[in-house]
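First the structure, in the form of structure tokens, and then the observations on it.
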Amino acid sequence: MYRIGAGQVLVQTVDFFTPVVDDPYLFGSIAAANSLSDVYAMRARPVLALALVAFPTSVLPVEVLEQILRGGADKVAEAGAVIGGGHSIDHDVPIYGLAVTGTANEADLTRNSGARPGDALVLTKPLGVGVTVSAGRADSIAAQGVSGFFHRSLLSDAAREEAGRTMAALNRGAVEAMEGFDIHSATDVTGYGLLGHAHEMMEASGATAQFWVDSIPLLSEARRFAARGIAPDGSRVNVRNLRPRSEVGSGVTDDDFLLLCDAQTSGGLLVALPAEQAEAYAIRCRERGAESASVVGRVEPRGDFPLGIQKQKKKQKQKESGRTS
């Protein structure tokens, strides 16, 4: 963030990666949405982007590059911003992303600190992108194998489309839905998974996040892939790093924990706000296109662990009414 005067700030970020889907236009859209996400996580409005491109011109036709760039440009236009240029190099694998500049009123900025005990936690996109993309990659590798062998696809067409649509969706609606709510903290959920980014939020806020597994939205086939042991290396690294930092309740399985640690590409926002406002905020997110937005946990005073995971939300005991006289 950079102050430019009169209460205004610039927010700048950069991100890029190799293809996560086979369709070049969709890849461009996903990479652009992912790059824009950090600006949205700060509650800023993206205004300008520069494209970062690496492409194997001697291996792939230039039409593939054109489709990647078109997908990114269309997604930036959807965000109400423009691509003003960029830089490209010849490289052995395709890479695409954006350097993005946004603007905001400093008073409106959201940070990954500021979550308070008593807050609720809202997640605006489903988890499971990492395991779903891994299943798709396994299908692609199998399809290139020895001819004459039949491979039954792990990933259905519906699940493939669902994952692509989720990754390509902007977090714009979830940010616009914040208007009128007391947002205390927000972060986007990407490579460190829900628990990894929640850990950063809780460390910065001096609190503990308690999540309810049964309340967390998932892509439709994510649990099936996790049960089969399909997951990217990044998700497994997250599990190893975050298990010692988590208090895991009874009934929470290894598959549950893996999915909460699943590395996301262009994931949703994790938002902390007063508990009495949380359901209304989730509803407004859903009205603005974040179809899976849900209340998934709460913020508690800092305990022995920064993270807690329960199978389901425990019903609060009713307080005794009145006092003995």
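The values are calculated or read from the model by the stated rules, or taken from the named source; none is laboratory data. Source: prediction; values computed, not measured. Note: ideal-geometry Cβ built from the backbone for every residue, glycine included; neighbour counts use all protein chains shown. Surface areas here come from the heavy atoms of the whole protein model, side chains and all, with no ligands, DNA or RNA. Shrake-Rupley method; radii C 1.70, N 1.55, O 1.52, S 1.80 Å.
Can you tell me how many residues in the stretch 79-102 are in a strand (DSSP E or B) and closer than 25 Å to Val39 by Cα? Outline the logic, then answer.
Step one: of the stretch 79-102, the residues in a strand (DSSP E or B) are 82-90, 95-102.
Still in the running and closer than 25 Å to Val39 by Cα: 82-88, 95-102.
Total meeting the criteria: 15.
Going through Val64, Val76, Val47 one at a time, which residue ends up being part of a strand (DSSP E or B) and either at positive phi or at pLDDT 95 or above (or both)?
Numbers: Val64 fails: part of a strand (DSSP E or B); Val76 fails: part of a strand (DSSP E or B).
That would be Val47, the only listed residue that is part of a strand (DSSP E or B) and either at positive phi or at pLDDT 95 or above (or both).
Which of the numbered conditions does Asp182 fail, given that it passes all the others? Conditions: (1) at pLDDT below 95; (2) not in a helix (DSSP H, G or I).
In the conditions (1) at pLDDT below 95; (2) not in a helix (DSSP H, G or I), Asp182 misses (1) alone.
Let's see how each residue does on (1) within 26 Å of Tyr192 (Cα to Cα); (2) open to solvent by 50 Å² or more (accessible area, probe 1.4 Å):
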residue	(1), (2)
Val39	yes, no
Leu50	yes, yes
Ala54	yes, no
Val59	no, yes
Glu63	no, yes
Val93	yes, yes
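Among the listed residues Ala280, Ala263, identify the single one that is over 16 Å from Ala115 (Cβ atoms), touching a Gly at 6+ places or on another chain (Cβ under 7 Å) and of a type outside the set (S, T, N, Q).
On the way: Ala280 fails: touching a Gly at 6+ places or on another chain (Cβ under 7 Å).
When all the criteria are applied, what remains is Ala263.
Restricting the first residue to the stretch 69-82 and requiring it to be over 20 Å from Thr103 (Cβ atoms), which pairs with a second residue that is open to solvent by less than 20 Å² (accessible area, probe 1.4 Å) and in a helix (DSSP H, G or I) meet a Cβ separation below 6 Å and a spacing of at least six or different chains?
Gly71/Gly28; Gly71/Ser29; Gly72/Gly28; Gly72/Ala32
Kindly indicate the residue of the stretch 95-113 that is over 17 Å from the mean Cα position of the chain (by Cα) and of a type in the set (Gly, Ala, Ser) and also surrounded by the fewest Cβ atoms within 10 Å (Cβ to Cβ) among those meeting that condition.
Here the residue is Ala107.
Would you check if there is a residue in the stretch 120-127 being open to solvent by 60 Å² or more (accessible area, probe 1.4 Å), within 22 Å of Val14 (Cβ to Cβ), touching a residue at least 60 places away in the same chain (Cβ under 8 Å) and not in a strand (DSSP E or B)?
Looking only at the stretch 120-127, we keep the residues that are open to solvent by 60 Å² or more (accessible area, probe 1.4 Å), and these are none.
Taking every residue of the stretch 120-127 in turn, none turns out to be open to solvent by 60 Å² or more (accessible area, probe 1.4 Å), within 22 Å of Val14 (Cβ to Cβ), touching a residue at least 60 places away in the same chain (Cβ under 8 Å) and not in a strand (DSSP E or B).
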